[in-house]
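What follows is a set of notes on a single structure, which appears directly below.
The values are calculated or read from the model by the stated rules, or taken from the named source; none is laboratory data. Quick caveat: nothing in here was measured; it's all calculated off a predicted structure. Cβ coordinates were reconstructed from backbone atoms using ideal geometry, including for glycine residues, and neighbour counts include every protein chain displayed.
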Amino acid sequence: MHALLLALLVQEPIQLLDTAVPQARLAFDIRDPEGQPLPGRLTFRGAGGIAANLFTRVEAAPDELAVRKNVVYSLRGSGVITVPTGSFQVFATHGLEWSLAEQRFEFEAGKDYRFEAVLRQEIDSKGWISGDFHLHTLTHSGHGDSNLKERVISLVGEGVEFAVATDHNHNTSYAPEVEALKLDGKLAHITGNEVTTPIGHLNAFPLDAKRPPVRADLRDSTELFRIIRSEPNEFGVVPIIQLNHPRFVAIDWFGQTGLDPISGTSTQANWSDAFDALEIFNANGSWGYFDAETVQNQGTSVHSALVDWFHLLNRGHRHAAIGNSDSHTVHYEFAGFPRNFLQLGVDRVPDVRTPDVIQAIRAKRLFTTSGPFVEFSVDEAPLGSQISAQGGRVNVRIRVQAAGWCDVDRVKLVVNGDVISQWSVPQERRPLRFERETGLDVARDAWVLVMVEGDDPIDPLVESANDLCLPLAVTNPVWIDADGDGRFTPLSERVRADLAQPTLLPPLAARGAFEQGLVCLTAVQQAHPEAAALIAQGLRSSEREVLLCAARAAEQLGRQAPMEALEEAWPRAQKLDGFAQLTLVRAMEACGIPQWQSRLPDAIGAMLNRSHLHAREISEAFAWRWIEDWDVSEPRAVESASLGKFQPSPEDVVWKALPEEAAQKGRITLSGTPEQRETRVRCWIDSPDKREVFLALGADDDVCLWINGVEAARRTGSGRTDPPQLFVRANLNQGANRVELLVQNRKGAHGLRLGVLDTGLTIRR
């Protein structure tokens, strides 16, 4: 290989920088231990950090390289490129199964350098194939920066073996690019589509690239799922329906179809459970794994898709849990992080058959990971199996591997959502990190899975300035028929049966947290005579899952709920998070506890800058008085680029009454040509005394709110009228209070919505 590097240096380098920039030449060669060339990624880490725009000529070698910022993907694994001068740590990688190589360089202008990288496959993945089922291109999705060839090169460079093309509302195929790049047998791929609907996003695959994409305007899940399942494809299989990032606000499938993050149920007509899989990991940060209310850096997520999945499993649903990169770019988001490993019994890409992949997803024979490789079986039965317990005891086997760069700290054994065993992993960077066989007593039917966590980011394979990119893995379950009756009884059904018995119930704390929550919720549904007592026990729990369910059950029970226990739960909720507090406040309001209104500002305040992500929940949970009686000014051209110069209206503003037809349930449509216009509105709020009130404000684009000439709130940038995104504490004087808003619109609709959470006020023009 040394001779090869010398030979490369006599070649003309691929010019990745503008010729006027001081530069050196780097000959690189990435190979496996047998000397075979290996596609891979070079990552340059210098003074500019991960955001440094080092390589500007990104189209210099489109059939060989994919280049952005500080990364260079190489399809051949070798070549000569120009590099910027300066001090750099250069890494060579080939995805999460392989080791990395690194070398420090001091690049000087006009000089030649060599980087010889030998990478080893440190994870033994025999019988498994890796796949990323959520991928985009700028070409067909219209955003991001990756074209089709760059997407294929990046996938091969990251060692992904099976890829699903899922551009937005487009049936994309990688076949022309795979053929042009001579990659047959190197990357298995199928056509898919991210169906981008008003109620969220889902992937459908496999599809026919020659057919038009399915309708994306439907709001009814049942009808949309029916259409997708009828789509023909060359494999003759029913397409997979995969819900993407189901808790990303505004495109949150679960939120838009009413799946309660506490109970795991929905009463909305557009809800359907007839999907195959859901993303519990999305993007390099594995969004969805953590609860977004308790862990920061979760993007626009709310709640936890992982916990949603647990709730669905406990209610008898069997959806496959998956994780995907959702990559739109060459440089972060990186393709293949996270990815799925499917147990297909083959190791070579040419042996991968699409029908087998589809069948493995439906059978749940896969796990999702951003680093650790997990093998898990129960009584030797693989992931997705249902087994019968022998004597109420099963044997669990867990084996965890990881490449040397990947941190592994904990292995968790989960039963019906609760962690029943947890093991610390020694900090040894050998491939086999953890291996254990252990007996598990299962007195009643249960599902079991494994989660693996590491605390150190997966750097440099995934670089992020903001997200928490940790090594995480979650398997799909094994279902255990503990009583041997030939059927699996989900936890919710068992709880219903327990509560139907006339016997004295054991203390709630004798059960797992997810079961305790189900007991509280089910006791109300079945009008159990001990419902209030069970809820009181739940409200005394320090477990977040139990407290949330008990509060939701109290809300449903209403004035028969245990009032004292509700009030006593407030300090415990304050130690948790804003959503937990909000849930308790909702229960207090429903139960008629006067203190609920004074505690709502604290609850929303605890959400800090995330309250706008809960706008729909907050606006729907409480009895807001949406103001419809406004005076309005004539719209005028926007005079400033920001709200910095905005002041309450001068005396010469001409006001007129807002037309009745412009106010629909508090949703105010402002007239006139909306683009580049601003409009003022005002009303009067008469208060019997001096008091603090809570306001909910939604507006299109920039908005400023004044009360009695004093600024109460402002927001710059795009926004929505409904649901409102600003929740504001405001002080009212005794008597008349002047409320005024200025709404500045750039394009699209022009409107606002303002609600007040107080019934003792008079509102007038």
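Some observations on this one:
- Residue check, residue 142 surrounded by fewer than 24 Cβ atoms within 10 Å (Cβ to Cβ) and farther than 30 Å from residue 47 by Cα: yes
- From the list 615, 623, the lone residue that is modelled with pLDDT of 85 or more, outside any helix (DSSP H, G or I) and under 30 Å from residue 568 (Cα atoms) is 623.
- Residue match in the stretch 308-317 (condition: buried (at least 19 other Cβ atoms within 10 Å of the Cβ), outside the structural domain of residue 190 (by TED's automatic domain parsing), of a type in the set (Asp, Glu) and closer than 24 Å to residue 415 by Cβ): no
- From the list 733, 737, the lone residue that is surrounded by fewer than 17 Cβ atoms within 10 Å (Cβ to Cβ) and either closer than 24 Å to residue 614 by Cβ or of a type in the set (S, T, N, Q) (or both) is 733.
- Wholly within the stretch 386-435, strands (runs of 3 or more DSSP E) carrying at least 2 residues that are crowded, with 20+ Cβ neighbours inside 10 Å: 393-401, 410-415
- Number of residues in the stretch 496-518 that are assigned to a helix (DSSP H, G or I), within 25 Å of residue 439 (Cα to Cα) and not aromatic (Phe, Trp, Tyr): the value is 5.
- Applying the condition of being crowded, with 16+ Cβ neighbours inside 10 Å and aliphatic (A, V, I, L, M) to the stretch 239-253 and asking which residue is nearest to residue 205 (Cα to Cα) yields 240.
- Filter result (of a type in the set (Asp, Glu) and crowded, with 20+ Cβ neighbours inside 10 Å) within the stretch 598-616: none
- Residue check: residue 351 meets all listed conditions (1) surrounded by 19 or more Cβ atoms within 10 Å (Cβ to Cβ); (2) free of Cβ contacts under 8 Å to residues at least 24 places away in the same chain but one, namely (1).
- Residue among 521, 505 that alone is farther than 18 Å from residue 445 by Cα and touching an Asp or Glu at 6+ places or on another chain (Cβ under 8 Å): 505
- Qualifying residue in the stretch 85-92 (condition: among the small types (Gly, Ala, Ser), over 16 Å from residue 154 (Cα atoms), outside any loop (DSSP other than H, G, I, E, B) and touching a helix residue (DSSP H, G or I) at 6+ places or on another chain (Cβ under 7 Å)): no
- Some residue of the stretch 693-713 being in a loop (DSSP other than H, G, I, E, B), within 21 Å of residue 757 (Cβ to Cβ) and of a type in the set (D, E, K, R): no
For every residue, the table says whether it meets (1) within 29 Å of residue 578 (Cβ to Cβ); (2) touching a residue at least 12 places away in the same chain (Cβ under 8 Å); (3) assigned to a loop (DSSP other than H, G, I, E, B); (4) not β-branched (Val, Ile, Thr).
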| site | (1), (2), (3), (4) |
| --- | --- |
| 443 | no, yes, yes, yes |
| 470 | yes, yes, yes, yes |
| 479 | no, yes, no, yes |
| 486 | no, yes, yes, yes |
| 489 | no, yes, yes, no |
| 493 | no, yes, no, yes |
| 533 | yes, yes, no, yes |
| 536 | yes, yes, no, yes |
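- The residue list 160, 152, 178, 164 contains one member that is assigned to a strand (DSSP E or B) and either of a type in the set (Phe, Trp, Tyr) or in contact (Cβ under 8 Å) with a residue 24 or more places away in the chain (or both), which is 164.
- Hey, residue 172 within 30 Å of residue 371 (Cα to Cα), of a type in the set (Val, Ile, Thr), free of Cβ contacts under 8 Å to residues at least 40 places away in the same chain and not assigned by TED's automatic domain parsing to the domain that holds residue 62 or not: yes
- Of all residues in the stretch 559-575, none are polar (S, T, N, Q), assigned to a loop (DSSP other than H, G, I, E, B) and surrounded by fewer than 21 Cβ atoms within 10 Å (Cβ to Cβ).
- Exclusive hit being under 26 Å from residue 436 (Cα atoms), touching a helix residue (DSSP H, G or I) at 6+ places or on another chain (Cβ under 8 Å) and modelled with pLDDT of 95 or more, set 342, 306: 342
- The lone criterion from (1) under 18 Å from residue 12 (Cβ atoms); (2) buried (at least 24 other Cβ atoms within 10 Å of the Cβ); (3) among the β-branched types (Val, Ile, Thr) left unmet by residue 71 is number (1).
- Residue in the stretch 126-137 that is touching a strand residue (DSSP E or B) at 6+ places or on another chain (Cβ under 7 Å), surrounded by fewer than 20 Cβ atoms within 10 Å (Cβ to Cβ) and not assigned by TED's automatic domain parsing to the domain that holds residue 196 present: no
- Selection within the stretch 487-502 - among the hydrophobic types (A, V, I, L, M, F, W, C) and within 12 Å of residue 522 (Cβ to Cβ): 491, 495, 497, 499, 500
- Tallying residues that are touching a Ser or Thr at 6+ places or on another chain (Cβ under 9 Å), outside any loop (DSSP other than H, G, I, E, B) and buried (at least 19 other Cβ atoms within 10 Å of the Cβ) within the stretch 202-233 yields 7.
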